[in-house]
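Peer 1: The structure that follows is given in the form of structure tokens.
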Amino acid sequence: MAEKDKKKTTPTIQNRKASFDYQIEETYEAGIALQGTEVKSVRAGQVSFSDSFAYMDNGEILLKDLYIKEFQFGSYNNHEATRTRKLLLKKKEIEEIDVLLHQKGYTVVPLKIYFKNGFAKVLIGLAKGKKKHDKRDSIAERDSQRELKRDFKTSQF
């Protein structure tokens, strides 16, 4: 019991817009190369996924436009908020992603940032952009699920 109390809960920061804008085909768990103050900001939950994406460059996968707020007490050691960060994947996974990225319409988007065994991890998804009618279908499905839950709640009493 005391062990559970000592364990701090670290935030899981999700990119909710990615599932709306993209159809996720496959996911990969990648490490991310962060500086010291960036780790502290991520633990505080000060991350924004707006317009962030990953791309291949010289056999490496880099994450661009991921906003990690500057650490409040960072002084001169602070990091740049939207710098390009390297994702750490196995060579085989990088080759798989590279092959799929060369197909038309595929992109790599970050889905979630979390900590696992003390290391910062990013769940990236190989995604294909949704068309406007697909987004309408997603909205309709979400609304119907909400209605079902609402009906289920009222019928229990």
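Peer 1: What number goes with the only condition from (1) part of a strand (DSSP E or B); (2) of a type in the set (A, V, I, L, M); (3) more than 15 Å from PRO11 (Cβ to Cβ) that LEU111 does not pass?
Peer 2: Going through the list (1) part of a strand (DSSP E or B); (2) of a type in the set (A, V, I, L, M); (3) more than 15 Å from PRO11 (Cβ to Cβ), LEU111 breaks only (3).
Peer 1: I would also like to ask the following. What about GLU60, is it buried (at least 18 other Cβ atoms within 10 Å of the Cβ) and on the phi < 0 side of the Ramachandran plot?
Peer 2: So GLU60 fails the test.
Peer 1: I'd like the full set of residues that are modelled with pLDDT under 80 and among the acidic types (Asp, Glu), limited to region 132-157.
Peer 2: ASP134, ASP137, listed by residue number.
Peer 1: Among the residues of region 130-142, is any polar (S, T, N, Q) and exposed (fewer than 10 other Cβ atoms within 10 Å of the Cβ)? Spell out the reasoning first.
Peer 2: Initial filter on region 130-142 (polar (S, T, N, Q)): 138.
Now restrict to residues that are exposed (fewer than 10 other Cβ atoms within 10 Å of the Cβ): none.
The answer is no, given that none of the residues of region 130-142 is polar (S, T, N, Q) and exposed (fewer than 10 other Cβ atoms within 10 Å of the Cβ).
Peer 1: If I filter region 63-103 down to residues being under 23 Å from GLY45 (Cα atoms) and among the β-branched types (Val, Ile, Thr), which single residue comes out as modelled with the lowest pLDDT? Can you show your working first?
Peer 2: Our first condition is that a residue be under 23 Å from GLY45 (Cα atoms); within region 63-103, this holds for 63-88.
Subset that is among the β-branched types (Val, Ile, Thr): 68, 82, 84.
Working: ILE68: 80, THR82: 76, THR84: 85.
This residue is THR82.
Peer 1: Can you pull out every residue in region 24-57 that is surrounded by 14 or more Cβ atoms within 10 Å (Cβ to Cβ) and polar (S, T, N, Q)?
Peer 2: GLN35, THR37, SER41, GLN46, SER48, SER52
Peer 1: Follow-up question, since we're still on this one. Suppose we filter TYR55, TYR114, TYR106 for residues that are of a type outside the set (Lys, Arg), in contact with a helix residue (DSSP H, G or I) (Cβ under 6 Å, 6 or more places away or on another chain) and at pLDDT 80 or above; which single one remains? Before you say what the answer is, go through the steps one by one.
Peer 2: Numbers: TYR55 fails: in contact with a helix residue (DSSP H, G or I) (Cβ under 6 Å, 6 or more places away or on another chain); TYR114 fails: in contact with a helix residue (DSSP H, G or I) (Cβ under 6 Å, 6 or more places away or on another chain).
Exactly one of TYR55, TYR114, TYR106 is of a type outside the set (Lys, Arg), in contact with a helix residue (DSSP H, G or I) (Cβ under 6 Å, 6 or more places away or on another chain) and at pLDDT 80 or above, namely TYR106.
Peer 1: Checking SER50 against (1) part of a loop (DSSP other than H, G, I, E, B); (2) closer than 13 Å to PRO110 by Cα; (3) in contact (Cβ under 8 Å) with a residue 60 or more places away in the chain: exactly one of these is not met. Which one?
Peer 2: It is condition (3) that SER50 fails.
The values are calculated or read from the model by the stated rules, or taken from the named source; none is laboratory data. The structure displayed is predicted, hence computed values, not measured ones. Cβ coordinates were reconstructed from backbone atoms using ideal geometry, including for glycine residues, and neighbour counts include every protein chain displayed.
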